[in-house]
């Protein structure tokens, strides 16, 4: 970042920080028009150093400029860094921005799952995470964090799942949503088709007693782990189209959290590949 | 529940519902004086059917009485069931009680970890989960959910960890905090001593590269899995006092969530025991 990239914002109605107005309400309506918002130091650093998205601007509390100087060296030339007093920032965002660190990125053109896998380089060994009807942002974010931790190559989500670039999902993902490739669109069935067309064996995670127990399974070179919504889980017709796999657990306990189940399955695949 | 157990509350200042006043502020100050609050239908059912605590009262929105009739059959005789219109309930609790289902239990006398393990029946095979300095309620709740799913016999927490009977921890635990035995007190080092005195091998989970990889480990008959705070993890001196164990993951990714790490370790132990 060059010194002239810091632009002082004195008034909350300054149109240059329009992208940061009323963050919470926009979260609820997905009203960012092709943009997404990143919050906090750790995710900002990920956005700047590893992110695969175009950075549109930064918006920082004036007290954060000095402590962030190391990270700010990674701001691309020409990207404005808006700086404001805490009070102005709070009014713009619509709530107390204790972290004092925001950035805005552009989602760019999205590629649907089938096309996404067609373009991917055909690695010999590959792991995908498929998410169907995951409407909870924390769970989607945690799934990305776990996919990153255990070396998944990409995440595919159906249209009914929530956006991984939702502010809270990015934070819970530890920033993984910013660099781990993903593609979203269509139905859960469409994800199965796309993965199978790309030679992946699809494992449908389910608590059903007649599913194959995960620890006993040999991991194929290309595997796609399919997770369904918490509560109902995957619908029967989707399970029937894939290989049903269960995580052994105590009788009478319904299930673990969906991102936790994904972590256990991903960890099994990762360990099996040594 | 007998018909005369339902007691109509007309005014928010009725002293009989004092235990339910300003729930959120009390959560923050731990100001329930030996009581805890349960919220929602699923956890109420767990409290009544499986819980190990004394139930002091229930507090329901009047519209919930009929839909809950099946569960209310499990309310012990003599326990008052306060019933109020939504508006009165909201004022008492201090926020909109959409679920309309609250109950109050008594924590009872707590037994410190060493004494707790001394009293426990000496099962041949046993799994404990030890939590040190877990100050996030969601993480403590999720640890209980995972301990229950994978058949741990008990959870031990140091005094610095947060209370498993905090309202949100109970909810995130899927009610497991209400029936899975636990004991809290002392330091993390004290938990290690207590577990070793009861013939448990203590595995300290850590991302350190020189720790033993989890999948390669034979599970001893009595194992205690020790988890530290997210972020800093376990301090070096505690790791040195136990067997350091790591979950293999991608280089350069710091770690997964602490409850997720616990789930992976618990799942390994559960599967190894067949």
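Details
- Candidates A:95, A:116, A:144: whichever shows maximal mean-square fluctuation once chain A is modelled as a Gaussian network with Cα springs under 10 Å: A:95
- Restricting attention to region B:1-116, close to 60% of DSSP beta bridges with both partner residues there are antiparallel.
- Rounded to the nearest whole angstrom, the semi-axes of the ellipsoid equivalent to the protein assembly as shown, taken from the Cα gyration tensor as √(5λ), stand at 38, 32, 25, largest first.
- A straight line joining the Cα centroids of region A:149-225 and region B:32-57 runs 37 Å.
- For region A:70-121 versus region B:72-96, the inter-centroid distance based on Cα atoms is 45 Å.
- Average partner coverage of A:72-84, which counts Cβ from other chains inside 10 Å: 0
- In nanometers and ordered shortest first, the copy-to-copy spacing of the residue B:274 label point, defined 7 Å from Cα toward Cβ, is 2.6.
- Sorted fewest first by neighbouring Cβ atoms within 10 angstrom, B:69, B:183 come out as B:69, B:183.
- Computed over chain A, the alpha-carbon pair-distance distribution with 5 angstrom bins reads 1, 6, 13, 16, 16, 13, 10, 9, 7, 5, 3, 1, 0, each value a whole percent.
- Annotation: the residues A:255, A:174, sorted from fewest to most other C-beta atoms within 10 Å of their own C-beta, follow the order A:255, A:174.
- Model label points for residue B:236 and residue A:179, set 7 angstrom from Cα along the Cα-to-Cβ axis, are 2.7 nm apart.
- Relative contact order computed over chain A (Cα-Cα under 8 Å; 6+ residues apart), in percent: 19 percent
- Helical contribution to [θ] at 222 nm, DSSP H n ≥ 4, -39,500 (n - 2.57), averaged over chain A, rounded to 500: -8500 deg cm²/dmol
- The angle between the Cα long axis of helix A:137-149 and the longest principal axis of the Cα atoms of chain A comes to about 70 degrees, rounded to the nearest 10.
- Percentage relative contact order, region A:82-174, counting C-alpha pairs under 8 Å, at least six apart: 26 percent
- The distance between label points at residue A:124 and residue A:79 comes to 3.7 nm (points 7 Å beyond Cα on the Cα→Cβ vector).
- Space enclosed by the convex hull of the alpha-carbon atoms of region B:155-211, per residue, Å³: 113 Å³
- Antiparallel %, DSSP beta bridges [both residues in the protein assembly as shown], to 5: 30 percent
- Within region A:48-173, antiparallel bridges make up roughly 45 percent of the DSSP beta bridges whose residues both belong there.
- Taking A:38, B:92 and counting other C-beta atoms within 10 Å, the order from fewest to most: B:92, A:38
- Treating r as the C-beta distance of residue A:153 and residue B:62 and R0 as 41 Å, the FRET efficiency rounds to 0.15.
- Full-stretch length increase - residue A:7, residue A:250 - with 0.36 nm per residue and alpha-carbon distance subtracted: 81.7 nm
- Convex hull volume per residue in cubic angstrom - Cα atoms of region B:113-272: 99 Å³
- Relative to the current alpha-carbon distance between residue A:115 and residue A:216, full extension at 0.36 nm per residue lengthens the span by 33.1 nm.
Read-outs: derived from the displayed coordinates by stated rules, not from any lab. In this text, all values refer to a predicted model and were calculated from it rather than measured experimentally. Cβ sites come from the backbone with ideal geometry, for glycine too, and all protein chains shown count toward neighbours.
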